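Coordinate-derived values only; no laboratory data. Computed from a predicted model, the values in this text were never measured in an experiment. Please note: Cβ atoms are built from the backbone with ideal geometry, for glycine as well, and neighbour counts cover all protein chains shown.
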Amino acid sequence: MNTERLIRGAAAFGLDLTEHQAGQFAQYYELLVEWNEKINLTAITDEEEVIDKHFLDSLAGVKACIVPDDARILDVGTGAGFPGMALAIAFPQAQFCLMDATGKKVRFLETVASALGLTNVQAIQGRAEELAHDPVFRAQFDLVTSRAVAALPVLLEYLSGFVKMNGRIAAYKGPTFNEEFAAAAGAMKTLGLALEKTELVSIGDQQHTIAVFTKKKALADRYPRPQAQIRKKPL
Ligand code: SAH
């Protein structure tokens, strides 16, 4: 893999990747392409595109919020590990939990973590709206990330149960952020979330918004609601 491109791109966010970390990304790329022949992990396999649209796009989260050394971070609907696995490589001192509903993807994530020697990664299979009621996960995380999982009102309901008081949600969003945000006012109020900031990220020809929310109020026990209700009647 062209690790120069990755190192240069990360440096643009103020992130200094070591040669060791760049090597871990190269191994991750190899495994992604290999496993993608058997299970559907990504539509993108071209090396430069994976670097830009998966690795650097994931790392761009650092533009929006800092990752403290001992933080507990959850990535919901992580898929092939974006942004969670990329952040776990970049921040070996923080603890990462990568959650996805699909067992095969979780198996891939476990394989990557073990091949790369990452001891700060745990992969969990399950649905966010169910696991958010499990005391092992409820209100346990300093930061919860998510990319390309659901529209903002639904996404915030999935995520808010996992966040500690005053903890953060970083939602990686595309060009529809403004409309989604306008539709999320009710969800934010019900879930006790405040928008802290938005950060625009440009990588190549793509523009993304990373929106950071802070949890300001304890969440009522009934949230998140079961999937059918969330879909039928978004907050
Ligand atoms: N975040 C990755 C994957 C996005 S695809 C990326 O940006 O590349 C959406 C992923 O979310 C899928 O892997 C799907 O299995 C998972 N997912 C969707 N709804 C979920 C839920 N309610 N709980 C857990 N995972 C979910």
Original post:
Dipole of segment 67-232 (Lys/Arg Cβ +1, Asp/Glu Cβ -1, origin at the Cα centre): which of Gly161, Gly77, Leu109 lies farthest to the positive side?
Top reply: Gly161
Subject >> 19 Å reach of a label modelled at Asn166, 7 Å along Cα-to-Cβ, counting backbone N of segment 199-235 >> reply: 212-219
**OP:** Report, please, the projected area of the chain averaged over directions, based on the convex hull of its C-alpha atoms, in nm².
**Re:** 11.6
Original post:
Using only helices, what value at 222 nm comes out for the chain when you add -39,500 (n - 2.57) per DSSP H run of length 4 or more and divide by the total residues, to the nearest 500 deg cm²/dmol?
Top reply: -10000 deg cm²/dmol
**OP:** Please identify, among Pro175, Pro153, Pro83, the residue showing maximal mean-square fluctuation in a Gaussian network model of the chain using a 10 angstrom Cα cutoff.
**Re:** Pro175
Original post:
FRET efficiency for Glu30 and Gln122, Cβ-Cβ distance as r, R0 = 35 Å, nearest 0.05?
Top reply: 0.95
Subject >> Antiparallel DSSP beta bridges within the chain, as percent of all bridges there, nearest 5 >> reply: 45
Original post:
Using 20 Å as the cut-off for backbone N distance, which residues of segment 69-88 belong to the label zone defined by a point 7 Å from the Cα of Glu110 along Cα→Cβ?
Top reply: 74-82, 84-86, 88
Original post:
Regarding segment 1-78, what is the average projected area of its C-alpha convex hull, in nm²?
Top reply: 5.7
**OP:** Would you give the gap between the C-alpha center of segment 206-229 and the C-alpha center of segment 1-66, rounded to a whole Å?
**Re:** 27
Original post:
With the contact rule set at Cα under 8 Å and sequence spacing of 6 or more, what percent relative contact order holds for segment 67-232?
Top reply: 20
**OP:** Please give, to one decimal in nm, the separation of the simple spin-label points placed at Lys38 and Lys197, each 7 Å out from Cα toward the Cβ.
**Re:** 4.3
**OP:** Among the listed pairs Lys53/Lys197; Lys104/Lys216; Lys38/Lys197, give every one whose C-alpha distance is greater than 30 Å.
**Re:** Lys104/Lys216; Lys38/Lys197
